[in-house]
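The values are calculated or read from the model by the stated rules, or taken from the named source; none is laboratory data. Fair warning: this is a prediction, and the values are worked out from it, not measured in the lab. Every residue, glycine among them, receives a Cβ derived from its backbone with ideal geometry; neighbour counts consider all protein chains shown. To get the accessible areas, we keep the full protein, side chains included, count just its heavy atoms, and leave off ligands, DNA and RNA. Shrake-Rupley method; radii C 1.70, N 1.55, O 1.52, S 1.80 Å.
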Amino acid sequence: MAQVVFTANLQRHLVCPVQTAPGNTVRGVLDHVFAAQPRLRSYILDDQGRVRKHVAIYVNADRITDNVGLSDLVGDQDEVFVAQALSGG
Amino acid sequence: MSERLLIGTRKGLFDLRRDHDTWTVAGASFLGDPISMLLADPRDGTLYAAQALGHFGVKLQRSRDNGATWQECPAPAFPAGEADAPSVSYLFCLETAGADKPGWIWCGTIPGGLFLSKDHGETWSLNDALWRLPERKEWMGGGFDDSGVASICVDPRRSDAIVIGVSTGGVWLTDDAGASWRPSGGGMHAEYMPPQRRYDTTAQDVHRLVQCSAAPDTFWVQHHNGVFRSTDRARSWQEVTAIRPAKFGFAVAVHPNDPDTAWFVPGVKDECRIPVDAKLVVARTRDGGRSFDVLTEGLPQANAYDLVYRHALDVDASGTRVSMGSTTGHLWLSEDSGDHWALIAGHLPPITCVRFC
């Protein structure tokens, strides 16, 4: 199962520890995470299930290429890292 | 009179209380997080705070213990698979749905949707009739990327009768709790439109729409290019040209018991958006817009570059206490309907929303 890690900045809003989840794609992995923690979904994805504009998802060192379908492949030994894009304020 | 003010800012919610004639910041919540709208439900005491998190989207927080603790509840969201794939980017306004509908809350959003919760914000449904209006395709963003439902006025006589203001998209009415909508009558004009479209009811940039509680047929609008008033429940609008020192602004508040009394905070149009001559003033009419007092006592009259956003001016239920907060984080309050103002907080983050409760 892939390991899923969330930016520390997200922890300020809700509990989302490092965890493992099954799935062959980013969508599949995250759907398992969201099933256990439904509130997390709206922090990562927008109303239509796309990655939020200011959130970035990586598989290991590579930023995913499909922010709409989240079809990027994930292997058992991979790490899915959910980061926030940097912005001012 | 109200003894409490809730202030939504770019960096959190601030709770001000009046104690022995002094207003103080009694508490702060959500520090660091932008607050777009606040609602104190007088029917059951529930507080709602809408957030616009920069990275993680819109959120809705609810408190049932007067603000001591908050719980996140689901925010309004467009159904998955909706044409054009919309996603709520901002919770623009929150209003109670009427005394006869406890727990019902209306929410206006950017993009310009209207949502209803019948269970204190636990679940939300998109108002399909408004969203599917053919004219909605003509709505435009006004300072934001998309149009927004910025004002919701529920008639105190009959809660199924609702009037909303859209920026940019005009004024819309329903008499059946949102099952059907019709545009308001004419009278507004938009100087920024092509000449053939200037009086188009769906092209009007209604920065803020307010309704007099005691005389609900009277509405006031601070429009992008002027002030308008209706005394026939939005069937027609008359421009109020006596406003000074400028007709541009965002905020308007109407006296709850006197439909002829309203307050505005004029600024320099269009994208400039600063006080005229760098002097912050409030314009008040007491005669239905025939004349205005320009109120300056206690307000900065030099080097003031404050802008008061559309939801950052409020009057309490007595019509005597008026408060406004600005983009520079200054918060003023008047105890005498605007004749004299006092700065009650001077170093808050930029203020988006001011609500007496």
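If you scan the range B:262-307, which residues turn out to be part of a loop (DSSP other than H, G, I, E, B) and among the small types (Gly, Ala, Ser)?
Across the range B:262-307, the qualifying residues are B:GLY288, B:GLY289, B:SER291, B:GLY298, B:ALA302, B:ALA304.
Could you tell me which of the residues B:VAL206, B:VAL268 is closer than 24 Å to B:SER323 by Cβ and surrounded by fewer than 20 Cβ atoms within 10 Å (Cβ to Cβ)?
Sole residue among the options that is closer than 24 Å to B:SER323 by Cβ and surrounded by fewer than 20 Cβ atoms within 10 Å (Cβ to Cβ): B:VAL268.
Determine whether B:ALA234 is touching a residue at least 40 places away in the same chain (Cβ under 8 Å), among the aliphatic types (A, V, I, L, M) and part of a loop (DSSP other than H, G, I, E, B).
yes
Pairs needed: first member in the range B:92-116, closer than 16 Å to B:ASP155 by Cβ; second member anywhere, among the basic types (Lys, Arg) and modelled with pLDDT of 95 or more; C-beta distance under 7 Å; at least 6 residues apart or different chains.
Matching pairs, first to second residue: B:THR96/B:ARG43; B:ALA99/B:ARG43; B:TRP104/B:LYS118.
Could you tell me whether the range B:96-103 includes any residue that is open to solvent by less than 40 Å² (accessible area, probe 1.4 Å) and touching a helix residue (DSSP H, G or I) at 6+ places or on another chain (Cβ under 6 Å)?
No, that holds for no residue.
Condition check: small (Gly, Ala, Ser), crowded, with 16+ Cβ neighbours inside 10 Å, farther than 25 Å from B:GLN211 by Cβ and more than 8 Å from every other protein chain (Cβ to nearest Cβ). Does B:GLY67 satisfy that?
So B:GLY67 passes the test.
Checking B:TYR192 against (1) open to solvent by 10 Å² or more (accessible area, probe 1.4 Å); (2) touching a residue at least 60 places away in the same chain (Cβ under 8 Å); (3) within 24 Å of B:GLY319 (Cα to Cα): exactly one of these is not met. Which one?
Just one mismatch for B:TYR192, condition (3).
Any idea how many residues of the range B:76-85 are facing chain A (nearest Cβ under 7 Å) and open to solvent by less than 30 Å² (accessible area, probe 1.4 Å)? Break it down into steps so the answer makes sense when it comes.
Kept after step one, since they are facing chain A (nearest Cβ under 7 Å), are these residues of the range B:76-85: B:77-78, B:80, B:85.
Those left that are additionally open to solvent by less than 30 Å² (accessible area, probe 1.4 Å): B:78.
Adding up the residues that qualify gives 1.
With respect to the numbered conditions (1) at the interface with another protein chain (Cβ under 8 Å from one of its Cβ atoms); (2) in contact with a strand residue (DSSP E or B) (Cβ under 9 Å, 6 or more places away or on another chain); (3) part of a loop (DSSP other than H, G, I, E, B), which one is the sole condition not fulfilled by B:GLU72?
Here B:GLU72 clears every test but (3).
Within the range B:24-39, how many residues turn out to be in a strand (DSSP E or B) and either open to solvent by less than 20 Å² (accessible area, probe 1.4 Å) or in contact with a Lys or Arg (Cβ under 6 Å, 6 or more places away or on another chain) (or both)?
6
Tell me which residues, restricted to the range A:38-52, are more than 10 Å from the chain's Cα centre (by Cα) and either surrounded by 15 or more Cβ atoms within 10 Å (Cβ to Cβ) or hydrophobic (A, V, I, L, M, F, W, C) (or both). Show your work before the answer.
Within the range A:38-52, the first condition is being more than 10 Å from the chain's Cα centre (by Cα), and the residues that meet it are A:38-39, A:42, A:46-50, A:52.
Listed by number, the residues that qualify are A:ARG39, A:SER42, A:ASP46, A:ASP47, A:GLN48, A:GLY49, A:ARG50, A:ARG52.
For B:GLY121, state whether it is in a loop (DSSP other than H, G, I, E, B), crowded, with 19+ Cβ neighbours inside 10 Å and touching a residue at least 12 places away in the same chain (Cβ under 8 Å).
Judged against the criteria, B:GLY121 is a match.
Name the single residue that is farthest from the other protein chains (Cβ to nearest Cβ) among those in the range A:65-87 being of a type in the set (D, E, K, R) and either more than 13 Å from A:ARG50 (Cβ to Cβ) or open to solvent by less than 30 Å² (accessible area, probe 1.4 Å) (or both).
If we take residues in the range A:65-87 being of a type in the set (D, E, K, R) and either more than 13 Å from A:ARG50 (Cβ to Cβ) or open to solvent by less than 30 Å² (accessible area, probe 1.4 Å) (or both), then A:ASP76 is farthest from the other protein chains (Cβ to nearest Cβ).
Pick out the one residue from A:VAL18, A:VAL59 that is surrounded by fewer than 12 Cβ atoms within 10 Å (Cβ to Cβ), farther than 22 Å from B:LYS59 by Cβ and within 12 Å of the chain's Cα centre (by Cα).
Within the list A:VAL18, A:VAL59, the selection yields A:VAL18.
Among the listed residues B:ARG43, B:ARG62, which satisfies the condition of being in contact (Cβ under 8 Å) with a residue 40 or more places away in the chain, assigned to a loop (DSSP other than H, G, I, E, B) and of a type outside the set (S, T, N, Q)?
B:ARG43
Among (1) basic (Lys, Arg); (2) within 24 Å of B:THR327 (Cβ to Cβ); (3) open to solvent by 40 Å² or more (accessible area, probe 1.4 Å), where does B:ARG43 come up short?
So the condition that B:ARG43 fails would be (2).
Examine the range B:92-106 for a residue that is facing chain A (nearest Cβ under 10 Å) and within 18 Å of B:MET37 (Cβ to Cβ), and state whether such a residue exists.
No, because not a single residue in the range B:92-106 is facing chain A (nearest Cβ under 10 Å) and within 18 Å of B:MET37 (Cβ to Cβ).
Quick one: which residue in B:VAL149, B:VAL88 is within 14 Å of chain A (Cβ to nearest Cβ) and touching a residue at least 12 places away in the same chain (Cβ under 8 Å)?
Answer to the selection: B:VAL88.
Considering only the range B:204-231, state which residues are more than 25 Å from B:LEU307 (Cβ to Cβ) and not in a loop (DSSP other than H, G, I, E, B). Explain how you work it out, then say what you get.
So in the range B:204-231, the residues more than 25 Å from B:LEU307 (Cβ to Cβ) come out as B:212-218, B:230-231.
The one that is more than 25 Å from B:LEU307 (Cβ to Cβ) and not in a loop (DSSP other than H, G, I, E, B): B:SER230.
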